[in-house]
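First comes the structure, then the notes that go with it.
The values are calculated or read from the model by the stated rules, or taken from the named source; none is laboratory data. Small disclaimer: the values here were computed from a predicted structure and weren't measured. Backbone-built Cβ (ideal geometry, glycine too); neighbour counts: all protein chains shown. Please note that ligands, DNA and RNA were not included when accessible areas were found on the heavy atoms of the full protein model with its side chains. Shrake-Rupley method; radii C 1.70, N 1.55, O 1.52, S 1.80 Å.
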Amino acid sequence: MVRKQRPNANVQKQVHYSDRFYVVPATPKTPIIGSPYEVIYNHLSYYHKVLDCFIEIDTAVFVIEVQEVAQVAERLKNLGYETLSEMSAIDFLEKRKEFELFYQFLSYLPGYANKRRVRLKATLKQEERAPTLSHLFRSALWSEREAYDMFGIVFENHPHLKRILMPDDWVGYPLLKSYPLKGDEHAAWYEVDKIFGKEYREIIGPEQRDSARVDDKDTFNFSKVGHEQDKDKGLPATDNPQKYTFQKSLFVKDLHDKDPTELKERP
């Protein structure tokens with residue numbers, strides 16, 4: 001029996017928000033109270049409103065208001081979490097009418113061996129702007145630009161908020177779940193229009209974006225996929241590609257802080 005598609009059905013919503021095959025089990029969450037992260041929770045909750053908190057995969061997770069992200073991040077930095085290792089967002093616009101921002105912090109202090117990682121989470125409405133962390137963490141200069149490029153999220157007071165992966169004149173935000181998986185009409189003609197001009201559309205045709213037509217033996221376009229060298233064979237010992245004799249790469253300098261030595265060859 002063939003099911004007919006309803007005329008006004010949201011196809012993108014059906015694809016992205018229904019668990020058609022395998023449902024990933026939720027990772028276990030444990031309380032922060034009684035754990036090494038409790039002291040961090042006490043510091044944060046004394047000054048800020050913590051909506052929820054738990055430990056997940058050895059990481060303390062604190063859910064806060066988006067307006068307090070910068071203040072909480074600064075307090076975490078003062079507590080020893082001086083590295084912002086990752087920052088991005090998840091598109092829940094269709095399901096919850098909001099983004100979920102997450103910030104991953106890391107501490108290298110010797111006394112923090114049992115509380116290395118902290119994650120902040122906050123929700124952001126589509127029309128809202130998020131506070132920047134670029135004045136606190138240099139890595140935010142790049143990660144916030146990526147979130148802007150991929151999701152269209154605007155970070156207030158970022159000094160240079162522009163696309164970082166896609167061209168400046170790209171239309172749309174590729175990591176939104178509403179973005180077509182194979183790109184839209186603009187994506188199909190982008191390179192043809194930029195390189196040759198729109199008058200060549202009929203001659204060249206649209207860009208082929210169907211992954212099912214990728215040829216894994218095409219060594220010209222796909223970097224020798226399926227023709228990789230064996231692991232640990234090293235570099236070719238000769239410029240002649242027909243001779244497959246290999247030597248190990250030379251290790252030119254060790255990394256000792258004191259009295260570094262130059263090595264003639266790998267031990």
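Odds and ends about this structure:
- Arg213 satisfies every condition listed in (1) open to solvent by 70 Å² or more (accessible area, probe 1.4 Å); (2) under 27 Å from Tyr173 (Cα atoms); (3) at pLDDT 85 or above except (3).
- Residues being outside any loop (DSSP other than H, G, I, E, B) and open to solvent by 80 Å² or more (accessible area, probe 1.4 Å) - total across the stretch 44-81: 7
- Selection status of Leu175, in contact (Cβ under 8 Å) with a residue 12 or more places away in the chain, open to solvent by less than 80 Å² (accessible area, probe 1.4 Å) and out of contact with any Lys or Arg (no Cβ under 9 Å at 6 or more places or on another chain): no
- The stretch 82-106, residues that are part of a loop (DSSP other than H, G, I, E, B) and either open to solvent by less than 30 Å² (accessible area, probe 1.4 Å) or modelled with pLDDT of 95 or more (or both): Glu82
- Screening Leu120, Leu109 for residues that are under 17 Å from Tyr37 (Cα atoms) and open to solvent by 70 Å² or more (accessible area, probe 1.4 Å) leaves exactly one candidate, Leu109.
- Residues in the stretch 123-149 that are open to solvent by 20 Å² or more (accessible area, probe 1.4 Å), among the hydrophobic types (A, V, I, L, M, F, W, C) and within 17 Å of Lys77 (Cα to Cα): Leu136, Leu141.
- Counted residues, the stretch 107-147 - those being in contact with a Lys or Arg (Cβ under 9 Å, 6 or more places away or on another chain) and part of a strand (DSSP E or B): 2
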